[in-house]
Amino acid sequence: MARILFSSTLGKSSWAGSEVLWFQTATRLRTEGHEVAAVLPGAMRVSKTLSKLSGAGIQVLDGTFDRGRELGVRLARRRNASAPTPFAAVVVHASRWKADVVVLSQASCWGAYSEMLALAEAGMPYVSVSQLNTPFFWPGDGLFEAVGKAFAGAKAAVFVSRGNLDLFQNQV
C-alpha cells in the first residue's frame, strides 16, 4: 500500500471547504489500507481538527518548526520568487516520512508552487489540488515560468471547477 502525505495551504483558518475535500479523500484512502499523514499549518492544529484526523487514522506529522520554516519560505520567495523551497515543512516531512506521493491542497492556485518545484527537484511525486482562483490576483511576470514548471511537474493538477481551470490557463 502507498504512503500518501496531504498538505494544506489554508493559512489562518482551522477548517474550510477545501479541507472537506482532502479529508474525505484521505479518509477513503486510509480505509482502503493506505498509510495517510497530513502536514497542517499552525491554525489547523486545533484539538477539533486533530481529533477528526486521528479518529480517521490519519497521522498528523509534527509541525512545531512550521513558523520558522514558513518565515524562511516567505523570505526565500521575496529574494527569488521563482526558486524552489526545499526547507518548506511539506518537503521536509515528505522526505522524512518517505511519502510515495504528496497531495498539496492549495487554497489558491499559487499557494504551493515553490514547494512543488522543490518536490520535483527531490524526485518526489506530487499532485496539486487548486481550490480557489480569482480574476483579481495574477502571478507577477517573474512567476509565470516557475508556476508553469511546478504544475507541469505534477502527476496531476486538479481544479475544483472548469471555470477555475480556464482562468488558471489564461493566467499562466
Any chance you could run the full-extension gain for His34 through Arg3? It's 0.36 nm times the residue separation minus the Cα-Cα distance, nm to one decimal. 10.5 nm
Using only Cα atoms, figure out Rg for segment 93-146 and give it as a multiple of 2.2 N^0.38 Å. 1.24
Compute the FRET efficiency between Ser54 and Asp141 as 1/(1 + (r/R0)^6), taking r as their Cβ-Cβ distance and R0 = 35 Å, and round to the nearest 0.05. 0.20
Ordered by packing density, taken as the mean number of other Cβ atoms within 10 Å over each peptide's residues, highest first, how do 139-145, 25-31 rank? 25-31, 139-145
Residue span Asp100 to Ala156: 0.36 nm per residue of separation minus Cα-Cα distance leaves a gain in nm of 18.7 nm
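Every read-out reported here was derived from the displayed coordinates using simple, explicitly stated rules and does not represent laboratory data. Given the structure is predicted, the values throughout are model-derived calculations rather than measurements. As a convention, Cβ positions derive from the backbone with ideal geometry for all residues, glycine included, and neighbour counts pool all protein chains shown.
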